[in-house]
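A quick write-up on the structure given underneath.
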Amino acid sequence: MPLDHDIAARLSRPITIRSIEAIAIALPLAKPMKMAGVEIRTADNLLVRIESADGTVGWGESASAPNMTGDTVPAMVAAVRDHIAPMLIGKDARGRAAFTRKMAHALHGNTGARSAVETALADLVGRTLGVTFADLYGGAVRDSVEPMWLVGNPTAAEDIAEAKAKTREGYAFFKLKVGVKPVEQEIETALAMRQALGPAVTLCADANCGFDYSRAARYLAGVDAAGIAFLEQPLATENLAGLARLARTSPIPLGADEGIHSLADIEAHANAGAGGLSLKLIKLGGPAATLAGAMLAAHRGLSINLAAKVSESSLGSAATLNIACLVPSADWGVSLTQVYLAEDIAKPALRLENGRVTPPAGPGLGLEVDEKAVARFTVK
């Protein structure tokens, strides 16, 4: 059947990039979040706003992660403003695949900045052509995912109370933040959580590089009865020998997060005995690279967790959610982090229904950004 003339005309018309803005924002968290070595009170993120000649706007977001990617907000703003924008202004956004490769060659690292730009380009093209974000990357293989909730309070009683409240909302997958307190206390928390929540709830743990080998081994042995699905990033990223040693004796699969920045890292961790990994857009440099990483992980038999960084707005979480619907498997859960914010900048809200979250309907990311809210949270 021949294409409708209006559709054919829209597909053939250039999407000329008129402007690219890099915007630094600080979003307030609903409550401080403690991880190994750091306490987070605000989400310090980059927004990228790309406008075409006809006034259509596409948005992308990346969180700063100095202890994971090395990216700070000022550095990401400078990368977009001084290096990426001059390459792309005046170009046809339909060439986004080539631009993604060009950015990777032009800027070493800077994966957060590149991810936000690629996401904004895809959002712009999708909005202009009336195509969803997922369809631009080959089409979704699932229409919804099961999100996980991060738990990391000072006491086990607080963790249990929070988790029980979230189960009533529909959550059935919880990640315990460990590597912060004495290991015996963290073991007791995991055992108490399992007893309180029952066998149907999935529990996992994330050390964020916070254990040494001895404490990691003690934790793994101590929580065996808690039925932990996996322990993520127990050791420092460079300690692949320790990871391999742990994997040989651990009754619980081990995951990698901070150690994954490239396809080579995925291969290295698979060879070291990792059972799975966490993929983040900001680590691999954008949607296309993240999908390539997911395909490689599936080929190596690794489980996959898809995660936004703590904390991205609904904009960043929607990109992660769409990728989670595209990858071969997301059997280690999906972390959508806009839920930890006191205020958001985009709508409609990503809603949990019957224990699952569905990407917004509509072209591009399917979200509308509140530019007045962006202005309120902009950091000069």
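No lab work stands behind these numbers, since they all come straight from the coordinates. Only a predicted model underlies this, so the values are computations on that prediction, with no experimental measurement involved. Please note: Cβ atoms are built from the backbone with ideal geometry, for glycine as well, and neighbour counts cover all protein chains shown.
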Calculate for the chain the 222 nm mean residue ellipticity that helices alone would give, adding -39,500 (n - 2.57) per DSSP H run of length 4 or more and normalising by residue count, nearest 500 deg cm²/dmol.
-11000 deg cm²/dmol
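How much net charge surrounds residue 284 when only other residues with a Cβ under 11 Å from its Cβ are counted (Lys, Arg +1; Asp, Glu -1)?
Surrounding charge for residue 284 is +1.
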Normalised contact order of the chain, rounded percent, pairs of Cα under 8 Å and 6 or more residues apart
20
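Using the structure shown, list the pairs from 166/347; 181/347; 177/372; 175/347; 166/380; 164/380 with a Cα-Cα distance above 32 Å, or answer none.
Working: 166/347 22 Å; 181/347 37 Å; 177/372 34 Å; 175/347 26 Å; 166/380 36 Å; 164/380 40 Å.
Those over the limit are 181/347; 177/372; 166/380; 164/380.
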If Lys and Arg each add +1 and Asp and Glu each add -1, what is the summed charge of the other residues whose beta carbon sits under 12 Å from the beta carbon of residue 268?
-2
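With a 10 Å Cβ neighbour count serving as the proxy for reagent exposure, in which order, fewest first, do 89, 84, 23, 50 appear? Before the final figure, lay out the partial values.
Working: 89 13, 84 24, 23 21, 50 28.
Arranged by neighbour count, lowest to highest, 89, 84, 23, 50 become 89, 23, 84, 50.
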List every residue whose amide H lies under 5 Å from the amide H of residue 230, counting only residues 5 or more places away in sequence or on a different chain, with H placed 1.01 Å from N in the peptide plane.
205
For the ranges 173-181, 234-242, 24-32, what's the packing order if you count other beta-carbon atoms within 10 Å of each residue, average per peptide, and put the highest first?
173-181, 234-242, 24-32
Cα extents of the stretch 43-113 along the three principal axes, largest first (Å):
38, 26, 18
Spatial separation of Cα centroids for the stretch 90-148 and the stretch 240-283, in angstrom
26
Taking only Cα atoms of the chain, what ratio of Rg to Rh do you get with Rh as the Kirkwood inverse-distance radius?
0.98
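Over 22 Å apart: what share of the alpha carbon pairs of the stretch 234-374 falls there, rounded to a whole percent? Before the final figure, lay out the partial values.
Details: 4085 of 9870 pairs.
Value for the stretch 234-374 (Cα pairs over 22 Å): 41 percent.
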Note down the net charge around residue 32, summing +1 for each Lys or Arg and -1 for each Asp or Glu among other residues with Cβ under 11 Å from its Cβ.
+2
